[in-house]
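Any read-out appearing in this document is the output of simple, stated calculations on the displayed coordinates, not a laboratory observation. Here the structure is a predicted model, which means the values were calculated and not measured. Positions of Cβ are backbone-derived with ideal geometry, glycine not excepted, and every protein chain shown enters the neighbour counts.
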Amino acid sequence: MIEAFLTENLGAEFGAFIWLCVKIIAIILPLLIAVAYLTLMERKVIAAMQLRKGPSVVGPFGLLQPLADGLKVMSKEFIFPENANKILFILAPIITFTLAMIGWAVIPFDTGMVLANINIGVLYLLAISSLGVYGIIIAGWASNSKYPFLGAIRSAAQMVSYEVSIGLIIVTVLLCAGSLNLSEIVLAQQGLWYVFPLFPMFILFFISVLAETNRHPFDLPEAEAELVAGYNVEYSSITFAMFFLGEYANMILMSAITTILFLGGWLAPFGLDFIPGIIWFALKIVLCLFVFIWARATLPRYRYDQLMRLGWKVFLPISLAGVVIVAGVLLYMGWLPQ
């Protein structure tokens, strides 16, 4: 209805452009609010697990704490390190933040509720996640400091290592669904969510996602004990905030991908179809984010050699075997999609 009104009054092309901008804003604004309150959720959940109260002063129950944190960061002085490459130094957080946003273009929130319903949505997401390492590498190099550069090198090696197993695990889902379209992958799970028949692959995927997003217990690029704070140690003010927003937006994006591939997307469990699909989708994402926070509160950090050994000597062989086994079972049972 709104699209038809804009098309009639503003012309076909300009009306379509305005409608596209409205849809983009409708995705970006709630996402930024979700990122802000994910930081509050993390602090509250960890505080509860450690028998503390967490943020409770700014606003009722601490609900205005993310706004106070944002104002604090925005008011800080912006500092350029000496001899840093100023253009790349500013460009790095912009790249990280932008890539975290544009991945949402192909995420279906409900039936027909997707910005770009392309048939290669999975390839698009893999490409965007692969580009994410560039912002971190550029940040480490442009800072002209040894500690950020070491953190950037660690992050690059870690992300490349675990992207291999993530890609192979996604292949097992694609074999079952027979499509690279994310909406069709969700609809293929109407009878049975893939988390049940592909449970080992689900566990490997979620652990790999923790490593891909540099989250605990795989937050080696930000290991403060040996690297001060990793690749973003020289950043301040809004540039540091953009790295922070990008990291948490990536957490939400990866939780959404996990929900789509394994947890049935917007599909309701137990026949509770009277609740809108977008609410189920959001609840499943919150559940995945809770596990992110739970892991941070309970697990010790890996050593770097343990991290790389887990990726190349454990996850890669298991994910390769998973592809062969799933393909073999589907072919033998005659369930392989045409």
Connecting every pair of Cα atoms under 10 Å apart in the chain and solving the GNM, the largest mean-square fluctuation among V286, V171, V324 falls on V324
Classified through the alpha carbon gyration tensor (a ≥ b ≥ c as square roots of its eigenvalues; rounded if a/c is under 1.5, else prolate when a/b is larger than b/c, else oblate), the range 150-255 comes out prolate
Classified through the alpha carbon gyration tensor (a ≥ b ≥ c as square roots of its eigenvalues; rounded if a/c is under 1.5, else prolate when a/b is larger than b/c, else oblate), the range 1-153 comes out oblate
Of the listed links K72/K146; K44/K72; K44/K284, those spanning more than 23 angstrom between alpha carbons are K72/K146
If the chain between E82 and F270 were fully extended at 0.36 nm per residue, the gain over the current Cα-Cα distance would be 61.7 nm
Heads up, the range 241-338 by the C-alpha gyration tensor (a ≥ b ≥ c square roots of eigenvalues; a/c under 1.5 rounded, else a/b over b/c prolate, else oblate) looks oblate
Net charge (Lys, Arg +1; Asp, Glu -1) of residues whose beta-carbon lies under 11 Å from that of I46, I46 excluded, is +3
Among trypsin sites (Lys or Arg not before Pro) in the range 219-310, those in a DSSP loop whose Cβ has at most 12 other Cβ atoms within 10 Å are R303
note: the range 62-150, Cα-Cα separations exceeding 22 Å make up a percent value of 51 percent
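Are there any trypsin sites (Lys or Arg not before Pro) in the range 22-99 that are in a DSSP loop and have at most 16 other Cβ atoms within 10 Å? List them by number.
R52, K53, K76
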1/(1 + (r/R0)^6) with r = Cβ-Cβ of L316 and A295, R0 = 25 Å, i.e. FRET efficiency to nearest 0.05, evaluates to 0.70
Here the relative contact order (percent) of the chain, from C-alpha pairs under 8 Å and at least 6 apart, is 22 percent
Here the longest stretch of the chain that holds no chymotrypsin sites (Phe, Trp or Tyr not before Pro) in a DSSP loop having at most 14 other beta carbon atoms within 10 Å is 79-273
If unit charges are put on Cβ atoms (+1 for Lys and Arg, -1 for Asp and Glu) and the dipole of the chain is taken about its Cα centre, the option from F78, A47, I166 lying farthest towards the positive end turns out to be A47
